[in-house]
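Here the structure comes first, spelled out in structure tokens, and everything after it is commentary.
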Amino acid sequence: MMNKVDYSEQQQQLRELAREKNAIVIAHNYQRPEIQDMADFTGDSLELSRLAADTDAEIILFCGVHFMAETAHILSPQKKVLLSDINAGCPMADMITAEDLVKMKQEYPDALVVAYVNTSAAVKAETDICCTSANAARVVSNIPAGRRIIFIPDRNLGVYVENQTGRELIKWDGFCPTHDFITLADIERTREEHPEAVLLAHPECLPEVQAVADSLESTSGMIRYARASDAREFIIATEMGLIHRLKLENPQKQFYSPTKKAICPNMKMTTLSKAIQTLREERYEIRMDEDTRKRALAAVEAMVSYT
Ligand code: 13P
Ligand code: SF4
């Protein structure tokens, strides 16, 4: 049997460093277990951006990917926001540039732009309203009927929103490579193996996977669902990192991933030693010019008023 790695010393080192520097450590639900266990807070994109806005800490060490740390800076410019690993990007966010969006707006000048938070600050600056997977359908349903809507960058989340709201969207053809790895065949095979299991899927999943899910949820939505449910078994169609917290919170329940491929390499870039070094040196600070930040902020704030 393989020996389990003991991370406690590094975790303690990071905790002490955070205390000395008046820093808060926040981690996305897809981070490595040892990172999640050491963080002050773990959560989905919406929870983490709210947290970043509310904290009194002087430094935010963001264990996640680039656009998340950018969103924290957009909301809290007076704080120092550090990204645990500067190379941790989001391939979906990189699928659309501000120039692409400007061209799209020229094509549909009367349309409102709704952008998933998984976008760069430059793209947010060209956006009317942001959304996360937790509030995308609510945001769109609160847009006056008849108004055309450009929805970027995730085509799968776009399909989910269309199904939930009955609105037709002008969608960008972006996608999350990690969620696209989860196929309907994977789901069918896992369901055969665990016929009693409830299927929870993220709306970044392919439409055919969405169609067979018992419930479509953000990452924290899945955590709430599993907690409240009487079911004993769940198939979790999202990045595998989420299963750590699900198991921790529900030791008597079983959680299955439909495929071993559902891993986001960017989310896994952050290790404890990198996080310690980042905080110690206060390196990888995420900033942007004030004009971009203010325009992006307007889109993030509009999200709040549309939910
Ligand atoms: P949520 O945690 O907001 O559901 O987002 C999932 C995701 O893919 C983040 O990159
Ligand atoms: Fe981006 Fe997908 Fe990774 Fe989330 S899981 S950071 S959407 S590539």
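Quick notes
- Residues that are small (Gly, Ala, Ser) and within 20 Å of the chain's Cα centre (by Cα), drawn from segment 163-203: 174, 201
- Residue in segment 94-101 that is within 15 Å of ligand 1 (Cβ to nearest atom), within 17 Å of the chain's Cα centre (by Cα) and surrounded by fewer than 19 Cβ atoms within 10 Å (Cβ to Cβ) present: yes
- Of everything listed in (1) within 16 Å of ligand 2 (Cβ to nearest atom); (2) at pLDDT 95 or above, the single unmet condition for residue 165 is (1).
- Within segment 125-138, at least one residue is touching a helix residue (DSSP H, G or I) at 6+ places or on another chain (Cβ under 6 Å), part of a helix (DSSP H, G or I), surrounded by 19 or more Cβ atoms within 10 Å (Cβ to Cβ) and not β-branched (Val, Ile, Thr).
- Enumeration of residues in segment 108-124 that are touching an Asp or Glu at 6+ places or on another chain (Cβ under 8 Å) and in a loop (DSSP other than H, G, I, E, B): 118, 120
- Hey, residue 120 over 21 Å from residue 257 (Cα atoms), within 16 Å of ligand 1 (Cβ to nearest atom), without any contact (Cβ under 8 Å) to a residue 60 or more places away in the chain and among the small types (Gly, Ala, Ser) or not: yes
- Residues (of a type in the set (Lys, Arg) and in contact with a Leu (Cβ under 9 Å, 6 or more places away or on another chain)) located in segment 59-100: none
- Scanning segment 108-157 for residues that are within 16 Å of ligand 2 (Cβ to nearest atom) and more than 16 Å from the chain's Cα centre (by Cα) gives 123, 151.
- Unmet requirement for residue 242, which otherwise passes all of (1) more than 20 Å from the chain's Cα centre (by Cα); (2) touching a residue at least 60 places away in the same chain (Cβ under 8 Å): (1)
- Residue 263 touching a helix residue (DSSP H, G or I) at 6+ places or on another chain (Cβ under 8 Å) and β-branched (Val, Ile, Thr): yes
- Residue count, segment 30-55 (criterion: without any contact (Cβ under 8 Å) to a residue 40 or more places away in the chain, under 20 Å from residue 8 (Cβ atoms) and of a type outside the set (D, E, K, R)): 2
- Unique match (being of a type in the set (D, E, K, R), loosely packed, with under 15 Cβ neighbours inside 10 Å and on the phi < 0 side of the Ramachandran plot) among 54, 37: 54
- Of residues in segment 164-206 being assigned to a strand (DSSP E or B) and touching a residue at least 40 places away in the same chain (Cβ under 8 Å), the one nearest to residue 105 (Cα to Cα): 170
The values are calculated or read from the model by the stated rules, or taken from the named source; none is laboratory data. The structure displayed is predicted, hence computed values, not measured ones. For neighbour counting, all protein chains shown are included, and Cβ atoms are generated from backbone atoms with ideal geometry for every residue, glycine included.
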